[in-house]
């Protein structure tokens, strides 16, 4: 793929703003493995190879199993994920693909019941931030060296 712009170099303030969201996410009550599952799933949907590689490596380092990482693309049918994780993954899918159908009431209510209001707010911010990073990486053709 052709070389594209590097936002970090050209617009460091924008990159720092994104890092500010990451700093906020680091302080949330969502656990590390949950965050990695959401980031991997978002990257799968968005076709972001850079982010898939980065977040699967981070998930492994944090103790996530290979089996669950492999099953993530078929999470709806997999017995490896808890009901709470499935509610969060459903929320991830719907928000990532929000232009198709919005966020349906059942998905929202299941996530609210599984997470509670504060964790739901945190999860929404996590999903939005992961999508923003995916779009930066795909638009600029980021690659691991």
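Readers should treat all values here as calculations from the given coordinates under stated rules, not as data from a laboratory. These numbers come from a predicted model, not from an experiment. Backbone-built Cβ (ideal geometry, glycine too); neighbour counts: all protein chains shown.
Numbers below:
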quantity	calculated
Euclidean distance of C-alpha centroids, the stretch 7-38 and the stretch 83-139, integer Å	16 Å
Residue 23 paired with residue 101, simple spin-label distance in nm, labels 7 Å along Cα-to-beta-carbon	3.9 nm
Selected from 132, 114, 14 as most flexible by GNM, with the chain as the system and alpha-carbon contacts under 10 Å	14
Candidates 42, 29, 96: whichever shows maximal mean-square fluctuation once the chain is modelled as a Gaussian network with Cα springs under 10 Å	29
Distance cut-off 24 Å, percentage of C-alpha pairs in the chain lying past it	31 percent
Listed peptides 54-62, 103-111 by packing density, highest first (mean Cβ within 10 Å)	54-62, 103-111
The stretch 7-139: relative contact order in percent, alpha carbon pairs under 8 Å with at least 6 residues between	33 percent
Which of 98, 45 has the fewest Cβ neighbours within 10 Å, and the rest in rising order	98, 45
Residues 35, 100, 84, sorted so that the one with the fewest Cβ neighbours within 10 Å comes first	100, 84, 35
Which of 40, 52 has the fewest Cβ neighbours within 10 Å, and the rest in rising order	52, 40
Under the Debye formula (equal points on every Cα, no solvent term), log10 I(q)/I(0) of the stretch 66-145 at q = 0.16, 0.19 Å⁻¹	-0.69, -0.92
Unit Cα scatterers, Debye sum, the stretch 6-89: log10 I(q)/I(0) for q = 0.20 Å⁻¹	-0.98
